[in-house]
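This report refers to the structure that appears directly beneath it.
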Amino acid sequence: MITNKRGDVKPLEDNSKRRIINSVKSLYSFAYTSGLFPTNVMAAVKPPSAKSAISQRILSEATVLKMIVLEQDPRNHAILHTLYAAGLRVSELCNLRWRHVIRWVDGVQLDIMSGKGDKQRHVLLTESSWNVLSVLREGSSDDDFVFQSRQEVSREGYYKGTRLDTTTIFRIVREAARKAGVKNWAEVSPHWLRHCHGSHAIDRKAPLTVVRDTLGHSNIAVTNEYAKARPDQSSSQYLPL
């Protein structure tokens, strides 16, 4: 238990419990091996198992689709759709210009400069994604940002503004989560939709290498965390028990 500044008592999170127990176990182990204690009474104490941080940030497919469908504003709808469909980092979404959006016969390609700024990747999206994005295209030059702030409305009726900032994206995502009935909606961030992309794609049997390349992971071990987050197989299933 912990007490905050107002005197409220709150239970410790499992991660905090694990750190404390492991520290005490190390202390007792040292005392025992040094001959200070006759026995190590902490040897049998097991700390809470570690929870995957990613697993706690993965929403169900139904919830993500509900977030997208309930958003009626064309720009905000496209933001939610693209974050999930392309698995983009929020900085990558904000920096996306129309010259990075290449129309194909059966879909669209996004040329993404890594959020870490050191490499480019190409993300292929479906025709439905193009239909969502193309609504925002009217009157924009190739160098205009795809997602713009709403600073003014032109005579033609479409928005002309500056690059959308990350704070606005966070607000849009959290409001969508609230409308969709996500209990911890205030914790939801744009990166959760990136996690959902990776997890849901793997659930649907997408090869790890494809997910890695789409998300721009430098190491497939990072991508593999999505598979670990919600395992559907274990060698224990093969034992005669």
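Annotations for the structure displayed:
- Here is the figure for segment 101-131: residues that are in a helix (DSSP H, G or I), over 21 Å from the mean Cα position of the chain (by Cα) and in contact (Cβ under 8 Å) with a residue 40 or more places away in the chain total 0.
- Count of segment 179-210 residues, restricted to those that are under 8 Å from the mean Cα position of the chain (by Cα) and not in a helix (DSSP H, G or I), is 1.
- The requirement of being among the charged types (D, E, K, R) and touching a helix residue (DSSP H, G or I) at 6+ places or on another chain (Cβ under 6 Å) is satisfied by D111.
- Among the criteria (1) at pLDDT below 95; (2) crowded, with 21+ Cβ neighbours inside 10 Å; (3) of a type in the set (A, V, I, L, M), the one V105 does not fulfil is (2).
- Checking E127, E152, E156, E138 one by one, the residue that is modelled with pLDDT under 90 and in contact with a strand residue (DSSP E or B) (Cβ under 9 Å, 6 or more places away or on another chain) is E152 and no other.
- Pick from segment 108-121, criterion modelled with pLDDT of 85 or more and surrounded by 12 or more Cβ atoms within 10 Å (Cβ to Cβ), ranking: farthest from D142 (Cα to Cα): R121
- Of note, L93 satisfies the criterion of being in a helix (DSSP H, G or I) and modelled with pLDDT of 90 or more.
- Boolean, K25 is outside any loop (DSSP other than H, G, I, E, B), at pLDDT 65 or above and under 37 Å from the mean Cα position of the chain (by Cα): yes
- The C-beta contact set for segment 162-176 (first residue without any contact (Cβ under 8 Å) to a residue 40 or more places away in the chain and more than 25 Å from S140 (Cα to Cα), second residue among the aromatic types (F, W, Y) and assigned to a helix (DSSP H, G or I), distance under 7 angstrom, 6+ apart or interchain) comprises R174/W185.
The values are calculated or read from the model by the stated rules, or taken from the named source; none is laboratory data. Just so we're clear, the structure is a prediction, and the values are computed from it rather than from any experiment. Note: ideal-geometry Cβ built from the backbone for every residue, glycine included; neighbour counts use all protein chains shown.
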